[in-house]
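So the structure is just underneath, and the comments pick up after that.
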Amino acid sequence: MFQLSEQEQELLLQHARDAVWAYLSGEDHVRPDMASGPLTESHGIFVSIHKGSDLRGCIGNVHPAGPLYRMAAKCAISAAVGDPRFIPLTSRDFPGVTFEISVLSAMERVEKIEDIEVGTHGLMISKRDARGLLLPQVASSCGWTRERFLAETCRKADLGPDEWRDGATIYRFRALVFAEKRLQAVISS
């Protein structure tokens, strides 16, 4: 699994935060130009924004779409103002939110559901034109069983909860998940 040092994780989180603040403030976000290193690699990435322990927005790309540092900024802005499940974030809301980043491994097709490990794997289910994805931390934080995780991923795709049993394509993936320390303090208290 892909790894980042603590310093690289903090830099990526700060980059996401700075991009959202610049967007909300109407300023240009000056992206540092990185020539090499892990943050220039291309991976699937999701940025989640939380207010306390509540999700406030989550947007990402399943497949690699560009350097991590650029995609973190782009996904963070989309999570802040483009997640249709939530009212767009404002500059007034900004000081009370925290950022979490999930860097995804490649997708692997699941042949047997026993190959899915709750807390280790995230899931993507597709059937017909529907597709739903849940990150690994969702199932473990909710205490779901493997079957419940599959059912909830189907619901995310607007499918019936048991449609994973009949003709759906199931993928699993791993994620390197890290968050601002402020989020970790809120959740543990």
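Between Asp115 and Arg148, what is the label-to-label distance in nm when each label sits 7 Å out along the Cα-to-Cβ direction?
Taking the two extended label points, one gets 2.5 nm.
Where does the chain land at 222 nm, in deg cm²/dmol rounded to the nearest 500, when only DSSP H runs of n ≥ 4 count, each adding -39500 (n - 2.57), divided by all residues?
Working: 5 runs with 60 residues, N = 189.
The per-residue figure over the chain is -10000 deg cm²/dmol.
How far, in nm, would the chain grow between Ala22 and Lys51 when pulled straight, counting 0.36 nm per residue and subtracting the alpha carbon separation?
Numbers: separation 29, 0.36 × 29 = 10.44 nm, distance 1.90 nm.
Answer, rounded to one decimal: 8.5 nm.
In the structure displayed, which of Lys51/Lys112; Lys112/Lys156; Lys127/Lys181; Lys51/Lys156 lie more than 32 Å apart, Cα to Cα?
Working: Lys51/Lys112 37 Å; Lys112/Lys156 21 Å; Lys127/Lys181 38 Å; Lys51/Lys156 21 Å.
The answer is Lys51/Lys112; Lys127/Lys181.
Whole-Hz ³J(HN,Hα) for each residue in region 160-170, computed from phi via Karplus 6.51 cos²θ - 1.76 cosθ + 1.60 with θ = phi - 60°, x for glycine and proline: what do you get?
x, x, 9, 5, 5, 7, 10, x, 7, 9, 10
Step through the residues of region 55-70 one at a time and calculate ³J(HN,Hα) from phi using the Karplus curve (6.51 cos²θ - 1.76 cosθ + 1.60, θ = phi - 60°), rounding each to whole Hz and writing x for Gly and Pro.
Karplus-based 3J(HN,Hα) across region 55-70 equals 5, 10, x, 7, 9, x, 10, 5, 9, x, 9, x, x, 3, 5, 6 Hz.
Between Phe2 and Ser140, with labels modelled 7 Å along Cα→Cβ, what's the label distance in nm to one decimal, could you check?
In this crude label model, Phe2 to Ser140 measures out at 1.8 nm.
Using a simple spin-label model with points 7 Å from Cα along the Cα→Cβ vector, what separation in nm is obtained for Glu10 and Met107?
3.6 nm
By how many nm would the segment from Phe94 to Thr169 lengthen if fully extended, with 0.36 nm per residue of separation less the alpha-carbon distance?
Working: separation 75, 0.36 × 75 = 27.00 nm, distance 3.80 nm.
Contour length minus Cα-Cα distance gives 23.2 nm.
Specify whether the C-alpha gyration tensor of the chain places it in the rounded, prolate or oblate class, a ≥ b ≥ c being the square roots of the eigenvalues: rounded for a/c under 1.5, otherwise prolate if a/b is larger than b/c and oblate if not. Walk me through the numbers on the way to the answer.
Numbers: a/c = 1.82, a/b = 1.55, b/c = 1.17.
Prolate, because a/c is 1.5 or more and a/b exceeds b/c.
Bear in mind that the values in this text are calculations on the coordinates, not laboratory data. Please read these numbers as outputs of a predicted model, since none were measured by experiment. Don't worry about glycine lacking a Cβ; one is built from the backbone with ideal geometry, like all the others, and counts go over all protein chains shown.
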